């Protein structure tokens, strides 16, 4: 079965703090892809990153970084020096080769950055 | 480059009315899907299609109908609206059978009264 769990429903941090959003996934497929999306208050879904199951290298993009660990089935997202514009709902998602490209989304983590 | 175009952005329906949410993409993606987003439940898959003429049910298909006559268009029909269908609906497209992120439309906020 495929499943994505985002245990943190809501997180509040003060501006400039670092924050990590957790994502744990379940899959039996050996070829799969992991994603993070951002949904700001305006409501659209913004793609942030895609990772495939064969690439466990961590990635950094500006203040954003992602830690992919197959051993713990986790794909965590860290925002360094958070800003008010980071306030949004963040979704982690999984897709698998053996189901075409069907996406499985977590329930999202609502991040509020307090100025 | 329009991406995924979804209309309307807002809609209010009365119980029992029917309507169609439109979705079109210009990226030649094989895979298209509809999701609904409800508080605390993330995005749940309603229906999806892997190509023209092919559709299948997702996690929450009851009360919805889809068709895919062209690669570009994937409309979602509400047959007889119910208050439980009050939600935000997203259309998405992506490549099929290869690594691809999903591209989303702007969403439709539907209220059934």
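For the stretch B:58-83, a tally of residues being more than 10 Å from chain A (Cβ to nearest Cβ), in contact (Cβ under 8 Å) with a residue 24 or more places away in the chain and touching a strand residue (DSSP E or B) at 6+ places or on another chain (Cβ under 8 Å) returns 16. Looking only at the stretch B:25-43, which residues are over 14 Å from residue B:102 (Cα atoms) and either facing another protein chain (nearest Cβ under 8 Å) or in contact with a strand residue (DSSP E or B) (Cβ under 8 Å, 6 or more places away or on another chain) (or both)? Selection gives B:36, B:37, B:38, B:40, B:41, B:42.
Residue by residue through the stretch A:56-86, note down the ones that are part of a loop (DSSP other than H, G, I, E, B) and either surrounded by 18 or more Cβ atoms within 10 Å (Cβ to Cβ) or free of Cβ contacts under 8 Å to residues at least 12 places away in the same chain (or both).
Answer for the stretch A:56-86, where residues must be part of a loop (DSSP other than H, G, I, E, B) and either surrounded by 18 or more Cβ atoms within 10 Å (Cβ to Cβ) or free of Cβ contacts under 8 Å to residues at least 12 places away in the same chain (or both): A:57, A:58, A:62, A:82.
Would you say residue A:58 is within 10 Å of chain B (Cβ to nearest Cβ), over 22 Å from residue B:34 (Cα atoms) and over 11 Å from the mean Cα position of the chain (by Cα)? No, not satisfied.
Give the residue that is nearest to residue B:41 (Cα to Cα), with candidates limited to residues of the stretch A:87-101 that are in contact (Cβ under 8 Å) with a residue 24 or more places away in the chain and not in a strand (DSSP E or B). Before the answer, list the steps.
Of the residues in the stretch A:87-101, the ones in contact (Cβ under 8 Å) with a residue 24 or more places away in the chain are A:87-99.
Keeping just the survivors that are not in a strand (DSSP E or B) gives A:87, A:97-99.
Working: A:87: 19, A:97: 24, A:98: 25, A:99: 22 Å.
Restricting to residues being in contact (Cβ under 8 Å) with a residue 24 or more places away in the chain and not in a strand (DSSP E or B), the top hit is A:87.
Of the numbered criteria (1) at pLDDT 95 or above; (2) more than 20 Å from residue B:90 (Cα to Cα), the one residue A:57 fails is (1).
Given the structure, is residue B:15 in a loop (DSSP other than H, G, I, E, B), more than 13 Å from chain A (Cβ to nearest Cβ), touching a helix residue (DSSP H, G or I) at 6+ places or on another chain (Cβ under 9 Å) and over 23 Å from residue A:93 (Cβ atoms)?
Considered against the rule, which asks whether it is in a loop (DSSP other than H, G, I, E, B), more than 13 Å from chain A (Cβ to nearest Cβ), touching a helix residue (DSSP H, G or I) at 6+ places or on another chain (Cβ under 9 Å) and over 23 Å from residue A:93 (Cβ atoms), residue B:15 comes out as yes.
Return yes when residue A:34 is touching a residue at least 60 places away in the same chain (Cβ under 8 Å) and either within 14 Å of another protein chain (Cβ to nearest Cβ) or in contact with a helix residue (DSSP H, G or I) (Cβ under 7 Å, 6 or more places away or on another chain) (or both) and no when it is not.
Here the answer is yes, as residue A:34 does meet what is asked.
Would you be able to tell me the number of residues in the stretch B:87-106 that are more than 7 Å from chain A (Cβ to nearest Cβ) and either buried (at least 20 other Cβ atoms within 10 Å of the Cβ) or within 14 Å of residue A:93 (Cα to Cα) (or both)? Qualifying residue count, the stretch B:87-106: 7.
The values are calculated or read from the model by the stated rules, or taken from the named source; none is laboratory data. Just so it is clear, the structure is predicted and the values come from calculations on it, not from any experiment. Here Cβ is always computed from backbone atoms with ideal geometry, including for glycine, and neighbour counts include all displayed protein chains.
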